[in-house]
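Report on one structure; see the data block that follows.
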Amino acid sequence: MMQIDVLTLFPEMFNGVLGESILKRAQEKKLVRIKVRDLRDWTHDKRRTVDDKPFGGGPGMVIKPEPIFEACDGLRKKKTQVLLVTPQGRPWTQPLAQELARQKRLLLICGRYEGFDERVRSLADMEISIGDYVLTGGEIPAMVIIDSVVRLVPGVLGEKDSLAFESFSAHLLEYPHYTRPRRYRGMEVPEVLLSGDHDKIMQWRRQQARQRTMERRRDLWEKYLTAPAADEHNARQTKRSARRNAKIKG
Ligand code: JBB
């Protein structure tokens, strides 16, 4: 079973996310054990101090090294990947999630305030950022990381909605989904989805996925066109039509 430890100043923040839905079920099924730890448990003073003023002056507070180093000493085993959540980290991507889903143990360290004492970085096997926007702490990124890793652990998702199916759409946005009713507030479900013609439905979905990706996410679209393997057949087809279109447009 995979084990994930989280080190945080706000352990209660995780209760909702870990206690519902797929993450809850994954733990109940003993596919993953997730333990959220209070960084203050590794302090020694009466006030349970975890932060201090920055050397050199300046505003705000910095997370002290001692509680994090001591927590790490206590929690890390030989096979633990220690992950520091920080805006200075490696961008979080699906391939990185896949890599971490193969690990035996993860230890996620969440910061607050102006960040960590720089020496904390020496503990980390990897620093991870979930994106370029400002947050108040590392807890929400840690939840994002846990969510995307745990759903990749074998057995967590059902067979149907799971991984082989996703490689079909690697680097593409989802096609549009519809359910009942067939007409809602004047908006109709596309006729093709009611046709029962599964080849035609697949073609339509693929075309929609490509078009939406092209229009909304040029960055993903370029990746899709140059991606190896995964969806080789689709990619080849699309490259041909892309070349055709380029010629037509001049
Ligand atoms: C946090 C978003 C870390 O490592 C840093 C750093 C800077 C500011 C705050 C923090 C810890 S809280 S983690 C991701 C906010 O440069």
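The values are calculated or read from the model by the stated rules, or taken from the named source; none is laboratory data. It should be emphasised that the depicted structure is a prediction, and the values quoted were computed from it without experimental measurement. Glycine gets a Cβ as well: all are built from the backbone with ideal geometry, and neighbour counts include every protein chain shown. The accessibility values were calculated without ligands, DNA or RNA, using every heavy atom of the protein model including side chains. Shrake-Rupley method; radii C 1.70, N 1.55, O 1.52, S 1.80 Å.
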Residue tally, condition modelled with pLDDT under 95, in contact with a Leu (Cβ under 7 Å, 6 or more places away or on another chain) and hydroxyl-bearing (Ser, Thr, Tyr), over region 132-178: 0
Tally of residues being in a loop (DSSP other than H, G, I, E, B) and touching a Pro at 6+ places or on another chain (Cβ under 7 Å) across region 67-87: 0
Check on LYS64, touching a residue at least 12 places away in the same chain (Cβ under 8 Å), on the phi > 0 side of the Ramachandran plot and out of contact with any Pro (no Cβ under 7 Å at 6 or more places or on another chain): no
LEU83 among the aliphatic types (A, V, I, L, M), at pLDDT 95 or above, under 23 Å from the mean Cα position of the chain (by Cα) and away from the ligand (no atom under 12 Å from the Cβ): no
ARG102 vs. criteria open to solvent by 90 Å² or more (accessible area, probe 1.4 Å), more than 16 Å from the ligand (Cβ to nearest atom) and within 16 Å of the chain's Cα centre (by Cα): yes
Sole residue being acidic (Asp, Glu) and closer than 21 Å to GLY137 by Cα, chosen from GLU20, GLU66, GLU28: GLU66
Scope region 20-49; condition farther than 16 Å from ALA71 by Cα and open to solvent by 70 Å² or more (accessible area, probe 1.4 Å); matching residues: GLU20, SER21, LYS24, ARG25, GLU28, LYS29, LYS30, ARG33, LYS46, ARG47
Residue in region 62-72 that is open to solvent by 40 Å² or more (accessible area, probe 1.4 Å) and within 22 Å of the chain's Cα centre (by Cα) present: no
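A quick yes/no check of all residues on (1) in contact with a Leu (Cβ under 9 Å, 6 or more places away or on another chain); (2) more than 28 Å from VAL150 (Cα to Cα):
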residue	(1), (2)
GLY56	no, yes
PRO67	yes, no
GLY74	no, no
GLN98	yes, no
LEU108	yes, no
Enumeration of residues in region 110-126 that are outside any loop (DSSP other than H, G, I, E, B) and either in contact (Cβ under 8 Å) with a residue 12 or more places away in the chain or in contact with a Ser or Thr (Cβ under 8 Å, 6 or more places away or on another chain) (or both): PHE116, ARG119, VAL120, ARG121, LEU123, MET126
Options ARG47, ARG40, ARG76, ARG25: the member that is of a type in the set (Lys, Arg), more than 28 Å from the chain's Cα centre (by Cα) and either within 14 Å of the ligand (Cβ to nearest atom) or modelled with pLDDT of 95 or more (or both): ARG47
Residue within region 88-98 that is within 14 Å of the ligand (Cβ to nearest atom), within 22 Å of the chain's Cα centre (by Cα) and part of a loop (DSSP other than H, G, I, E, B) present: yes
